[in-house]
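Note sheet for the following structure.
Quick note: the coordinates plus some simple rules give every number you see, no bench work behind them. Model, not experiment: these values are computed from the prediction. Don't worry about glycine lacking a Cβ; one is built from the backbone with ideal geometry, like all the others, and counts go over all protein chains shown.
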Amino acid sequence: MEENNNLTQEKIQQLIALAMEARKKAYTPYSHYQVGAALLAEDGRIITGCNIENAAYGPSNCAERTAFFKAVSEGIRGFMAIAIVGSPEGDALTQYAYPCGVCRQVMMEFCPPETFQVIVARSLEEYRVMTLRELLPEGFGPENLQ
């Protein structure tokens, strides 16, 4: 367990638990790799997402982007953290599921890289916390276009 100064252990575990619940809703008939995410907005709301696959592959969507797109479509623009869990089908989380490059880029669009926290977990007790900047050290964001 690695803890972050900005989030309490209780809040981290709440996000992980919600991500674990979201994972159960994943639609993964092709990869059988289920991912759930719980996104914490600055106003305290938590938005969940799961991965959704498609036979054409390209239209598939990751759990992280599902959560972000749900939030943005509801007018939420400020975010503090996201918890992500994922593993092959089944109840057990056997590995850490880090966000893909596309999801990291979406996070750069909406989140301050120095403070936004990314939590990857295998259980409520086994998790890692890092900043978006640590995951995407030379990321391209809106400030690059100014």
Exposure proxy ranking, count of Cβ atoms within 10 Å, fewest first, for V35, V102, V72: V102, V72, V35
Computed label-point distance, nm, for sites M130 and S73 using a 7 Å Cα→Cβ extension: 3.0
Test item: Cα-centred dipole of segment 85-146, Lys/Arg +1 and Asp/Glu -1 on Cβ, debye: 60
Note, ³J(HN,Hα) from phi for segment 35-40, Karplus 6.51, -1.76, 1.60, rounded to Hz, x at Gly and Pro: 10, x, 9, 10, 9, 9
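Given contacts defined as C-alpha pairs under 8 Å and at least six residues apart, what's the relative contact order of segment 3-43, whole-number percent?
On the way: 29 pairs, mean separation 14.9, N = 41.
Rounded, it is 36 percent for segment 3-43.
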Under Karplus coefficients 6.51, -1.76 and 1.60, residue-wise ³J(HN,Hα) of segment 100-113 in Hz, glycine/proline x: 5, x, 5, 5, 4, 5, 4, 4, 4, 5, 10, 10, x, x
Only Lys, Arg (+1) and Asp, Glu (-1) charged, at Cβ; the chain dipole about Cα centre in debye: 340
HN-Hα J in Hz across segment 59-66 - Karplus 6.51, -1.76, 1.60, θ = phi - 60°, x for Gly and Pro: x, 5, 9, 6, 4, 4, 5, 4
Listed residues A26, A55, A97, most fluctuating in the chain (Gaussian network, C-alpha, under 10 Å): A55
Descending principal axes extents, segment 5-63, alpha-carbon based, whole Å: 41, 18, 17
Where GluC sites (Glu not before Pro) in DSSP loops with at most 16 other Cβ within 10 Å are excluded, longest remaining stretch of the chain: 4-41
